[in-house]
Amino acid sequence: MKSETMRVGLLAALALVGALERSGAAEGVLGAGRFRAYADGFAAGDRETVVNAIPNAAAWEWMAANVPRFECPDKKLEEVYWFRWWTFRKHLKETVDGWIVTEFLPAVPWAGKHNSINCPAGHHFREGRWIHDRRVLDDYAVFWFRKGGEPRKYSFWAADAMEARARVIGDDGLVRDLLPELKANWEAWAGDHRDESGLYWQNDGNDGMEVSVGGSGCRATLNSYQYGDAVAIAAVLDRAGKREEAEEWRGKAAALRELVEKRLWDAEAEFFKVRPRGGGELAGVRELHGYVPWCFHLPGPDKSGAWRQLMDPEGFRAPFGPTTAEQRHAGFRVAYEGHECQWNGPSWPFATSQTLTAMANLLHDYRQDVVSRKDYWEVLQGYVRSHRFRQLPPERAEGDLADGAGGLERVESERPWIDENLNPYTGDWIARTLLKQRRQAPDERGKDYNHSTFCDLVISGLVGLRPRADDVVEVSPLLPEGEWDWFCLDHVPYHGRVLTVIWDRDGTHYGRGAGLQVLVDGERVGGAERLGVVRGKLPERRGR
């Protein structure tokens, strides 16, 4: 069965490559072949512990056919971009219920059917919306609601994730078909996770954030997910012409927004915090999940002061990614004892992804002067820096790691890597270190962990392709002025076309003109002399 699945996956990838080459879309501005060395290099240093539909031997064929191509002067960032597509492909699993996307490669006992876990599924949709083969996420969406998935085992922003994907592919068909299930899912949360205050409560572990300082209760996470899902359902209903029902769902969202801003916002601390079930005082700690509301444009502009904490070294700022609790708090820990997955201090790619998504929304869609594109760049660079396996010198024992000392210069060797949680000061993968010490199975549980986004942050944040439901393509890069003289994002599937974004300050790198340009199927639809907002109208699809 496994060998047959691998064969089918390889044939499908090769067939798509052939079709693209025949159409002329495969070459574009950035020919696929120039990036093959990344996939070959990743495979050469890899121990393939688990093989799903697309093995390492077929990885490049799949990547060449499916993923947007990206190059830039920062080769570390570029390498991580390609590495994350290479690892994402490992998690594509073809089952009797269609394609799904896994979180862990080895089977874990808390997973559901086919080793599925809904906790990171919102990230899977955000990242996977940029691949050309639509079957994967089509099947995955249906799986959660009709093929045995457990969409409420953990918190999950299902409707928002699927609607965000629909804005990339330019097709509402699937999410409209799933609307009855998406609405029922929203109401089910209201049925058993609604506090007497009207807010939603969640255990921190079922938020995927166990051993948190603020603990369980009415958290900004699930409340924001419910808000975002209500907004997404309303948007789909609007596009389906069901205005009255759409207005009803906007009303649900507005009521929840008011509660979140009134009950979870600490005006003195300028932050969203946890409130215990049944009332009580807000938790006395700022935690990184307090930025989640901005993932869904929930907060008003008066709440932007919260973002000062992200760049404060006593707040969340750290060299290998933001800490999950503010460092000034007495409960902050980077512990090498107890539970290996603690959210009381370590940096988590899951939370870093949400924070950068939220920050991009803040920079694109709010008027504020608290953080800038340079701040976004700094946080993104820390995230890039975290994507390494660091073999520390023998004299640096466990205690040395635990005390938070050291830093960037004490690394003996490194290679591209993604895992569970990090020591924010040294870059050590904490859960992996502890599981190895304890000799706990399964083997390399967190290796190639699929619990976050990265490529979407480059595409929709740094490059600034902002997906829309209408026929306007909008690009607004968050790259700071003067940082790079050139970059190119190519071979992007968007509304049934292939999109390209080129930045070439003086026109000498790509020889296609100076400035920022947006191309659709090779046709220029907009541009600007400097990095800024570019909007253009999508041309008619070829063949119409």
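Since every read-out is calculated from the coordinates, none of them should be taken as a lab result. What you are looking at is a predicted structure, and each value in this text was computed from that prediction instead of being measured. Virtual Cβ from ideal backbone geometry, glycine too; neighbours counted across all protein chains shown.
Output the peptides 346-356, 444-454, 166-176, 237-247 sorted from most to least packed, where packing is the average of other Cβ atoms within 10 Å over each peptide's residues.
346-356, 444-454, 166-176, 237-247
How much length is gained on full extension from E248 to D369, taking 0.36 nm per residue of separation minus their Cα-Cα distance?
That pair, E248 and D369, stretches by 40.1 nm at full extension.
Grab the other residues whose beta carbon is less than 13 angstrom from that of G321, score K and R as +1, D and E as -1, and report the net. Could the numbers behind the result be given before it?
Values: positive: R317, R385, R388; negative: E378, D419, E420, D428.
Result for the neighbourhood of G321: -1.
Once whole DSSP H runs in the chain are found, which of them have Cα atoms spread over 24 Å or more along the helix axis and a mean Kyte-Doolittle score of at least -1.0?
Details: long enough: 2-23 (32 Å, 0.61); 220-239 (28 Å, 0.33); 243-263 (30 Å, -1.39).
Helices meeting the span and hydropathy rule in the chain are 2-23, 220-239.
Would you work out which of V136, L489, P151 lies farthest towards the positive end of the dipole of the chain? Charges go on Cβ: Lys and Arg +1, Asp and Glu -1.
Looking along the dipole axis, the top candidate is V136.
Structure shown: which of K242/K303; K153/K242; K183/K242; K76/K436; K147/K183; K76/K447 lie over 22 Å apart, alpha-carbon to alpha-carbon?
K242/K303; K153/K242; K76/K436
For a footprinting-style exposure proxy, rank K262, K153, K303 by other Cβ within 10 Å, fewest first.
K262, K153, K303
Binning every alpha carbon pair distance of the chain at 10 Å from zero, what are the percents per bin?
Over the chain, the share of Cα pairs per 10 Å bin runs 3, 18, 30, 29, 16, 3, 0 percent.
How do E414, E340, E540 rank when sorted from fewest to most other Cβ atoms within 10 Å of their own Cβ?
E540, E414, E340
Tell me whether region 463-537 comes out rounded, prolate or oblate; compute the Cα gyration tensor, take square roots of the eigenvalues as a ≥ b ≥ c, and use a/c under 1.5 as the rounded threshold. Before the final figure, lay out each step's value.
Working: a/c = 1.96, a/b = 1.49, b/c = 1.32.
Judged from the Cα gyration tensor, region 463-537 comes out prolate (a/c at least 1.5, a/b above b/c).
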